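Here's the structure, in structure tokens; my notes come after.
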Amino acid sequence: MKKIWILFLCFSSLTIQAKDYYVTPADISKLKEILGNNTLRPGDEVILRDGIYTGLGEVDFSARGTNTDSIKLRAEHAGKAVISGALKMRVYGQYLQMEGLFFHKAWAKDLCMIEFQKEDGVYASHCRFTNCVMDDCNDPDKSEKPVKGVDPITVSEYWLGLHGKNIRIDHCYFANKRARGLVIQITVEDGGDHNHHQIDHNIFGYRKPFGGNGAEIIRVGNSWSSQLPSYSIIEENIFYRCDGENEIISVKSGFNTVRRNLFYESRGGLVCRHGHNNIIDSNVIIGNQLPGTSGIRIINQGHTVSNNYVEGVTGKGSSAAFILRMGVYERPSAPEDYEDEKLKSYHRAANIDIAFNTFVDCAELNFGDGQGDKEPQNVRFAHNRIYSPNTFPNIKINNPAIFPGTTFVDNLCQF
């Protein structure tokens, strides 16, 4: 019995206790050293005292937690640790969590303010960004309108850049983005593991009109990676007056799910721009008859669009309450040249099921929109409800070539 007790004491003495590291706005150098020197251990917490943290510049948050003991960078009191000024934070490792931080009048020192990678090939996994606020984070030197003749990347800034796998963004508030660029960009790495990212229970607030492309709220993939799977989930978020451009969520990869989100008075749509086999389910879009409001736009192949509710959308053509687009090219293969125009253009819509959706008081549903001679194939528009008590909506067949590849089954129209 004595031997067992001695062994227990020996193992207990080897147990490493988690540490709390408290820092203040006067400890910027100390904060950067703690986060980036790879000495943090599972269960450790770096806690920011109340105050305004400026001059962070480039910061690495690099460590390896576990699935039972993450490593946290958090505010002592949620919302009272304010981060401002130029910032380029690289988060990489595993099971790292940022919590309760308030980013106000911060901006991207480079392209991305917070990026979940160190460099190509060194990514984050199983990390979380939760209960944080990003508000009015715009580089004062960057234009709030498109700039002609300038590489768009040089005048863009992204707030969050997701790489790697299993990153969760949840219960956050994002608002007042004005410079070109996205709030959240998910990058799909060629040859890497699938993303499996999750963006849930966030509020995306006002985004004023930008006047050109590149002002989406969330983009899942890029044209060059559009034929690759991401398996990301965007669910139960609110998009309130997100007016940056005509795409609020731009899906540019495969096997993603966008479900149970609310789009309210937003001048933009939910768009399957690239990629295949995506699920668009149980979303609510309320336009309240505001000019420029848009609905669901479908391109490419293998999608399921079901149980969505769209009301009061005024857009027509490519901004209609529902758009099934003509294709310009056939579906490309993943190894296509990444700079090939085929990957940037519109691919044939095929093998799509659009069912049990409801459209109320919308100006137009558009079938066959856009240029191109690749008509839809094996598309089913079934059991949808179209109701308009005050106006007669335009169910527009832009191109009769959609028949016979598009089949209409048991839809209920009431005017």
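The values are calculated or read from the model by the stated rules, or taken from the named source; none is laboratory data. Predicted model, so just to flag it, every value in this text is computed and none were measured. Here the Cβ is made from the backbone with ideal geometry for all residues, glycine too, and neighbour counts use every protein chain on show. Calculation scope for accessible area: heavy atoms of the full protein, side chains included, ligands and nucleic acids excluded. Shrake-Rupley method; radii C 1.70, N 1.55, O 1.52, S 1.80 Å.
Quick check on Pro146: is it over 30 Å from His194 (Cα atoms) and open to solvent by 50 Å² or more (accessible area, probe 1.4 Å)? Yes: the conditions hold for Pro146. Residues that are open to solvent by 60 Å² or more (accessible area, probe 1.4 Å) and either modelled with pLDDT under 90 or assigned to a loop (DSSP other than H, G, I, E, B) (or both) within the range 153-170 comprise Ile153, Thr154, listed in sequence order. Going residue by residue through the range 197-215, is there one that turns out to be open to solvent by less than 10 Å² (accessible area, probe 1.4 Å), part of a strand (DSSP E or B), under 25 Å from Leu324 (Cα atoms) and of a type in the set (A, V, I, L, M)? Within the range 197-215 (the criterion being open to solvent by less than 10 Å² (accessible area, probe 1.4 Å), part of a strand (DSSP E or B), under 25 Å from Leu324 (Cα atoms) and of a type in the set (A, V, I, L, M)), the answer is no, since none of the residues qualifies.
Apart from one condition, Ser306 fits all of (1) surrounded by 17 or more Cβ atoms within 10 Å (Cβ to Cβ); (2) farther than 12 Å from Ile354 by Cβ; the exception is (2). Of all positions in the range 103-121, at least one carries a residue that is in contact with a helix residue (DSSP H, G or I) (Cβ under 8 Å, 6 or more places away or on another chain) and either modelled with pLDDT of 95 or more or assigned to a loop (DSSP other than H, G, I, E, B) (or both). Among the numbered conditions (1) part of a loop (DSSP other than H, G, I, E, B); (2) on the phi > 0 side of the Ramachandran plot; (3) under 20 Å from the mean Cα position of the chain (by Cα); (4) not hydroxyl-bearing (Ser, Thr, Tyr), the only one that Cys137 does not meet is (2).
In the set (1) among the acidic types (Asp, Glu); (2) more than 30 Å from Ile47 (Cβ to Cβ); (3) within 18 Å of the chain's Cα centre (by Cα), Glu144 fails one condition alone, (3). The set of residues in the range 385-406 being among the polar types (S, T, N, Q), out of contact with any Phe, Trp or Tyr (no Cβ under 7 Å at 6 or more places or on another chain) and in a loop (DSSP other than H, G, I, E, B) consists of Asn390, Thr391, Asn399. Here Ser319 does not qualify as crowded, with 18+ Cβ neighbours inside 10 Å, in contact with a helix residue (DSSP H, G or I) (Cβ under 9 Å, 6 or more places away or on another chain) and either within 24 Å of Thr257 (Cα to Cα) or of a type outside the set (Asp, Glu) (or both). State all residues of the range 385-412 that are crowded, with 21+ Cβ neighbours inside 10 Å and out of contact with any strand residue (DSSP E or B) (no Cβ under 7 Å at 6 or more places or on another chain); if no residue qualifies, say none. Once the filter is applied, which keeps residues that are crowded, with 21+ Cβ neighbours inside 10 Å and out of contact with any strand residue (DSSP E or B) (no Cβ under 7 Å at 6 or more places or on another chain), the range 385-412 yields nothing.
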